[in-house]
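Peer 1: Below you will find the structure I want to go over with you.
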Amino acid sequence: DQQVKQNSPSLSVQEGRISILNCDYTNSMFDYFLWYKKYPAEGPTFLISISSIKDKNEDGRFTVFLNKSAKHLSLHIVPSQPGDSAVYFCAGLTGGGNKLTFGTGTQLKVEL
Amino acid sequence: EADIYQTPRYLVIGTGKKITLECSQTMGHDKMYWYQQDPGMELHLIHYSYGVNSTEKGDLSSESTVSRIRTEHFPLTLESARPSHTSQYLCASSEFSGHEDGYTFGSGTRLTVV
C-alpha cells in the first residue's frame, strides 16, 4: 500500500523555466509534507515542508502547494537552475514527527 | 559540513559475513532512523529509535538489528549477509517534531553482497 505516490519518474525542464513536481497521497493522517532533494551517492537533503492545515509555503525559489481535498501537493521551482538536477522525493510525516513516508521520487533534469 | 556520518560509504562483501554499518550524529538528536532504498524505489523505514535503549522496527521487515547505547551512535548489524540485502542504507536523525528542518540524512552506505 503506497501512501505517497509520485507518478512521474522523470521531468526535463529548460534552465530559467518553472519546474513543477507532483505528489499524491492516500493517508489523511499526515501532519506535514516534506520535499527532499537527492544527488547520486548522497543522502536526501531537506528542501521545504508544509503543514497539512496550510495550502502554500514559500522559501526562495521553492514553493509547495497543498490541495487537501484532492490529496495532492506540488513543488514549484522558479527559476530552474542546472544545479537543481537531482531526484526529488515527496514525504508525509505522521505520529508527532515519528514517521516519515516517502514517495518513489522524480528525476529532474534542468537543461541549458 | 555533515553532522551525521555513515561508514563505510561503499561495501562489497561475501555471502554469510557479519557486517555492521556505522552511523553517528553530532547534533544531540534523540530520534534516529535507518532507511533502505533500492534504485528507483522509495525509501523504506526499517528501524528507528527515540533515544538511548529505545529501538523499534519500521514498516519494512528487515533481518538487520540495531542498538542505541549512546545518543550519538546508531549502528545497524547484519549477522549473515545475503545477496537480497544488497541495497543502499541511509541513516537519519531529527529533533522533536522533525518537520521544521526535516530529518538530517547521512550520505548512505551502498552495500553489495556477492
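A short reminder: the numbers here are calculations on the coordinates, not readings from a lab. These numbers were taken from a predicted model, which means no experiment stands behind them. Neighbour counts are summed over all protein chains in view; Cβ atoms, including those assigned to glycine, are modelled from backbone coordinates with ideal geometry.
Peer 1: Given the Cα atoms of the protein assembly as shown, and with Rh set as the inverse mean 1/r over their pairs in the Kirkwood sense, what is Rg to Rh to two decimals?
Peer 2: 0.97
Peer 1: If you take each beta carbon of peptide A:41-51 and count the beta carbons of other chains within 10 angstrom, what is the mean?
Peer 2: If you average over the peptide's residues, the count of other-chain Cβ atoms is 6.
Peer 1: Within the stretch B:14-58, which trypsin sites (Lys or Arg not before Pro) sit in a loop by DSSP and count at most 15 neighbouring Cβ atoms inside 10 Å?
Peer 2: For trypsin sites (Lys or Arg not before Pro) across the stretch B:14-58 that sit outside H, G, I, E and B with at most 15 neighbouring Cβ atoms in 10 Å, the list reads B:K17, B:K18.
Peer 1: How big is the charge dipole of chain B about its Cα centre, in debye rounded to the nearest 20, if each Lys and Arg gets +1 on its Cβ and each Asp and Glu gets -1 on its Cβ?
Peer 2: It works out to roughly 580 debye.
Peer 1: Using the Cα centre as the reference, give the magnitude of the dipole from point charges on the C-beta atoms of chain A (Lys, Arg: +1; Asp, Glu: -1; all else neutral), rounded to the nearest 20 debye.
Peer 2: The calculated dipole for chain A is roughly 140 debye.
Peer 1: Skipping prolines and chain starts, which residues have an amide H placed within reach, meaning under 5 Å, of the one on B:K31, given they are 5 or more residues away or on another chain?
Peer 2: Excluding prolines and chain starts, which carry no amide H, the hits are B:S94.
Peer 1: Suppose we keep just the alpha-carbon trace of the stretch A:21-112; what are its Rg and Dmax in angstrom?
Peer 2: Calculated on Cα positions, Rg and Dmax stand at 12.9, 42 Å.
Peer 1: What is the ratio of the Cα radius of gyration of the stretch B:1-77 to 2.2 N^0.38 Å, where N is its residue count, to two decimals?
Peer 2: After normalising by residue count via 2.2 N^0.38 Å, the value is 1.11.
Peer 1: Using the Karplus curve 6.51 cos²θ - 1.76 cosθ + 1.60 with θ = phi - 60°, work out ³J(HN,Hα) for each residue of the stretch A:77-89 in order, rounded to whole Hz, and write x for Gly and Pro.
Peer 2: Ordered by residue, 3J(HN,Hα) equals 10, 9, x, 6, 10, x, x, 7, 4, 5, 8, 10, 10 Hz.
Peer 1: Using +1 on the beta carbon of Lys and Arg, -1 on that of Asp and Glu, and nothing else charged, what's the dipole of the stretch A:1-52 about the Cα centre, debye to 20?
Peer 2: With only Lys, Arg, Asp and Glu charged at Cβ, the dipole is about 140 debye.
Peer 1: Counting residues in the stretch B:36-114 as N, plug N into 2.2 N^0.38 Å and put the Cα Rg over that result.
Peer 2: 1.12
Peer 1: While we're on this one: In whole Hz, with x marking every Gly and Pro, tabulate ³J(HN,Hα) for the stretch B:67-74 from phi via Karplus 6.51 cos²θ - 1.76 cosθ + 1.60, θ = phi - 60°.
Peer 2: Values per residue, Gly and Pro as x: 9, 9, 8, 10, 4, 7, 10, 9 Hz.
Peer 1: Pairs to check: A:K54/A:K99; A:K38/B:K18; A:K5/A:K109; A:K71/B:K57. Give those whose C-alpha atoms are more than 26 Å from each other in this structure.
Peer 2: In this structure, A:K38/B:K18; A:K71/B:K57 exceed 26 Å between Cα atoms.
Peer 1: Right, something else. Go through the stretch A:15-46 and name the trypsin sites (Lys or Arg not before Pro) that are in a DSSP coil and have 16 or fewer other Cβ atoms within 10 Å of their Cβ.
Peer 2: Those satisfying the criteria are A:R17.
Peer 1: Have a look at A:S28, A:I50, A:F65 and report the one farthest towards the positive end of the charge dipole of chain A, computed about the Cα centre with Cβ charges (Lys/Arg +1, Asp/Glu -1).
Peer 2: A:S28
Peer 1: For the stretch A:1-66, which GluC sites (Glu not before Pro) are both in a DSSP coil and crowded by at most 14 other Cβ atoms within 10 Å?
Peer 2: Loop-located and lightly packed - A:E15.
Peer 1: With a 10 Å Cβ neighbour count serving as the proxy for reagent exposure, in which order, fewest first, do A:H72, B:H44 appear?
Peer 2: A:H72, B:H44
Peer 1: Please rank B:I46, A:I48, fewest neighbouring Cβ atoms within 10 Å first, as an exposure proxy.
Peer 2: With the fewest neighbours first, B:I46, A:I48 line up as A:I48, B:I46.
Peer 1: Can you work out the Karplus-derived ³J(HN,Hα) for every residue in the stretch B:13-21? Use 6.51 cos²θ - 1.76 cosθ + 1.60 with θ = phi - 60°, whole Hz, and x for glycine or proline.
Peer 2: Coupling constants for the stretch B:13-21: 9, x, 4, x, 6, 8, 9, 10, 9 Hz.
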